[in-house]
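The structure appears right after this line, and notes come after that.
The values are calculated or read from the model by the stated rules, or taken from the named source; none is laboratory data. Only a predicted model underlies this, so the values are computations on that prediction, with no experimental measurement involved. So basically every Cβ, Gly included, is an ideal-geometry build from the backbone, and we count neighbours across all protein chains shown. These accessible areas exclude ligands, DNA and RNA; they are computed on the full protein's heavy atoms, side chains included. Shrake-Rupley method; radii C 1.70, N 1.55, O 1.52, S 1.80 Å.
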Amino acid sequence: MRFSLHAIPKDYLASALMVLIGVGATVKGTSYNLGSLQRMGPGYFPVALGVLLSLIGIAIGVVEWLRRKPVEAGSAQKAAAHPPEWRGWICILGSTIAFIVLGHHAGFIAATLALVFISALGDRDNSLKDAFLLSIAMVVICVVVFSWALKMTFHLFPWG
């Protein structure tokens, strides 16, 4: 009997991955100073995010488990296997690489614009106009949140 990932429902795999990443972030975050709510340390946010991600992953798994009905013997129908979404994979990986390269050489605004634009092209339903508008909106939100509100020291432009 061979083990196949195709036999496991996708929601269970997503749940397990979210729990795994959440636990990893929590464990790594506890190696830093947590601080308190008034004076958060560098480990506070990763731990809080890791715990939240783990809880959401558990909730997804429980909902899928409650939703699934017992399958009667002989009546199981195999779902049609879909080919991998190579366009999405390539766009997501390409956008990550573009963010790293442009973040170092062209600044935060260009890197964020490229990240969102290229990622949005991975969805077959998005047009170039939709991807561009989404990337502009995300750049504005990211600049407001990270640069102005949180006062993080990102170089918005290569000369800044």
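When residues in the range 92-107 are screened for being open to solvent by less than 100 Å² (accessible area, probe 1.4 Å) and over 14 Å from the mean Cα position of the chain (by Cα), 8 of them pass. Can you name the number of the only condition in (1) modelled with pLDDT of 90 or more; (2) surrounded by fewer than 10 Cβ atoms within 10 Å (Cβ to Cβ); (3) of a type outside the set (F, W, Y) that V62 fails? Condition (2) is where V62 drops out. Could you please tell me which pairs satisfy a Cβ distance under 7 Å, a separation of 6+ or placement on different chains, a first residue in the range 47-65 that is free of Cβ contacts under 8 Å to residues at least 60 places away in the same chain, and a second residue that is of a type in the set (V, I, T) and open to solvent by 50 Å² or more (accessible area, probe 1.4 Å)? Note: pairs meeting the criteria are V47/T30; G50/V23; L53/I21; S54/V23. Checking each residue in the range 14-56 for being open to solvent by 70 Å² or more (accessible area, probe 1.4 Å) and closer than 28 Å to P83 by Cβ picks out L17, L20, I21. Scanning the range 119-153 for residues that are within 26 Å of R87 (Cα to Cα), outside any loop (DSSP other than H, G, I, E, B), open to solvent by 50 Å² or more (accessible area, probe 1.4 Å) and not aromatic (F, W, Y) yields a total of 7. A search for C-beta distances below 6 Å between a residue of the range 143-160 that is within 19 Å of V101 (Cα to Cα) and any residue that is of a type outside the set (S, T, Y) and buried (at least 16 other Cβ atoms within 10 Å of the Cβ), counting only pairs 6+ apart in sequence or on different chains, returns F154/F108; H155/G107; L156/G107; L156/F108; L156/I109; F157/G107; P158/A106; P158/G107. Out of curiosity, is E72 at pLDDT below 90 and assigned to a helix (DSSP H, G or I)? Judged against the criteria, E72 is not a match.
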